[in-house]
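The values are calculated or read from the model by the stated rules, or taken from the named source; none is laboratory data. Keep in mind that what you see is a predicted model, and the values were worked out from it rather than measured. Don't worry about glycine lacking a Cβ; one is built from the backbone with ideal geometry, like all the others, and counts go over all protein chains shown.
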There are 2 protein chains.
Amino acid sequence: MDTRPVGVFDSGIGGLTVVKEIMKIIPNEDIVYFGDTARVPYGSKSKETIIKFARQDARFLIEKGVKAIVIACNTASAFSLETLKNELSIPIIGVIEPGAHAAVKSTVNGNIGIIGTEGTIGSGAYEKAILKLRSDYRISGYPCPLFVPLVEEGWAGSKVSYMVAEEYLKPIKKSDIDTLVMGCTHYPLLKNVVADILGEGVTLINPAEETALELKKILEEKNLNSNQIKSCYNFYVSDNPEKFSRVGSNFLNEKIYNIQKIDIEKY
Amino acid sequence: MDTRPVGVFDSGIGGLTVVKEIMKIIPNEDIVYFGDTARVPYGSKSKETIIKFARQDARFLIEKGVKAIVIACNTASAFSLETLKNELSIPIIGVIEPGAHAAVKSTVNGNIGIIGTEGTIGSGAYEKAILKLRSDYRISGYPCPLFVPLVEEGWAGSKVSYMVAEEYLKPIKKSDIDTLVMGCTHYPLLKNVVADILGEGVTLINPAEETALELKKILEEKNLNSNQIKSCYNFYVSDNPEKFSRVGSNFLNEKIYNIQKIDIEKY
């Protein structure tokens, strides 16, 4: 039994959708979360910059004594997973491979779509991960840059969101995709909008759940799991803890306590 | 005659609307521009974080030997102008006071509206600057957080932009505001949308022009102006010089050369 906490980092607030699944699937694990709210978003920035940020984020979590790190941000997973795996000795889990697994399990016709940030889609990371599992599948990626600001503005169910989604999803509606990966942590909050537009013929995949299951598997395999009864959650951000607490509650569906601000540029 | 360059910094790309006016009004001045594209946006972040970023941005420009600094970003002007003025010995010019002057010159009925980021509107900086000039005027601020991502997505003239603007401008349409300050560097690209919705009864103010005039005045007063014939423009960013070059051309209406990437966290 290893009672050290699991570390989770994200560009900001969206990674809480992953935390929510971890809390549900392995409720006995402590969690230390870092959200880089001073430098958010990651989705529109370059690979080089995201690797630099991810290294700092991971260093902070390691200083907090974590036994494994989950990269909850799709863009950071796409750009920095390999680097962090090579450089660190604890298990590092991204959201892309679990998302790819879930998509492969779900599809019937082998046509999979991915929606995500510019960075995630441009990286081709989901495509590579899926083709590694099934080289005969056809994958198409569609960047949806306005989805994150719409969710952060609290407009997820609005007429504007439907109009923006109609525009972004147009090519998917015309295609014969039967499975769509919501490849950004904010997108599950737009699930109803996307589902309404695409209809029942398309299954939506949220990589968060599969990521939490993958974490559980790895902790068990490596005898790193904890079986304590009461678990403890600590949240750190690089800016605006009040806003994180306020907006984050929508992601987590519960109140957030224990938030502290840190200077991530020192790591 | 002082041929040292003028420094301009911004959260990213939007400050180029200010650079454009400086190039037009004082074409004989060299410019060094810094856009903090690794940490953009500033508009949704806290005062404390923006002051820290602005100090780093200014330190970088000073290392480049600038004779004056223009804070082209409204949020950074709102939060950090006083701090930088106190800490630095060269002239520091923000966009808020020039924008306030222009609004006061324009209004007939004394009812002025401000649109801007969460940070700029929350700071009340325009309100304070206008009330200092005319304490009897009535000022109302309206944050428009989706305007920046819409412009960055290249959707400025789209149906979605009209719909978003209709929503944000609803209270202004109902008011008797006769002058509206576009208090964010991205907003001039939405000028037509805003003008269509508000009609002829509302004059739109772009603080960029007034800021360039203020810079000209200060350089002349302090004998810091240059009368060289050919001027030189250098651009620095903290991320993605290629994207800056591509998107920035829309702001500047001309090609951008001489872009270099730097690590702003070192300053």
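Summary of values
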{"quantity": "Check on B:THR37, touching a Lys or Arg at 6+ places or on another chain (Cβ under 9 Å), within 18 Å of B:GLU152 (Cα to Cα) and surrounded by 24 or more Cβ atoms within 10 Å (Cβ to Cβ)", "calculated": "yes"}
{"quantity": "Residue list for the range A:107-134, restricted to those being surrounded by fewer than 19 Cβ atoms within 10 Å (Cβ to Cβ), within 19 Å of the chain's Cα centre (by Cα) and either of a type in the set (Gly, Ala, Ser) or not assigned by TED's automatic domain parsing to the domain that holds A:GLY201 (or both)", "calculated": "A:GLY122, A:GLY124"}
{"quantity": "Qualifying residue in the range B:47-64 (condition: of a type in the set (Gly, Ala, Ser) and surrounded by fewer than 24 Cβ atoms within 10 Å (Cβ to Cβ))", "calculated": "no"}
{"quantity": "Strands (runs of 3 or more DSSP E) (entirely within the range A:1-110) containing at least 1 residues that are under 24 Å from A:GLY122 (Cα atoms), more than 14 Å from chain B (Cβ to nearest Cβ) and modelled with pLDDT of 95 or more", "calculated": "A:6-10, A:68-71"}
{"quantity": "Those helices (runs of 4 or more DSSP H) lying entirely in the range A:115-188 with at least 2 residues at the interface with another protein chain (Cβ under 10 Å from one of its Cβ atoms) and closer than 21 Å to B:GLU153 by Cβ", "calculated": "A:147-152, A:159-174"}
{"quantity": "Some residue of the range A:242-260 being more than 22 Å from A:SER77 (Cα to Cα), in contact with a Cys (Cβ under 7 Å, 6 or more places away or on another chain) and assigned to a helix (DSSP H, G or I)", "calculated": "no"}
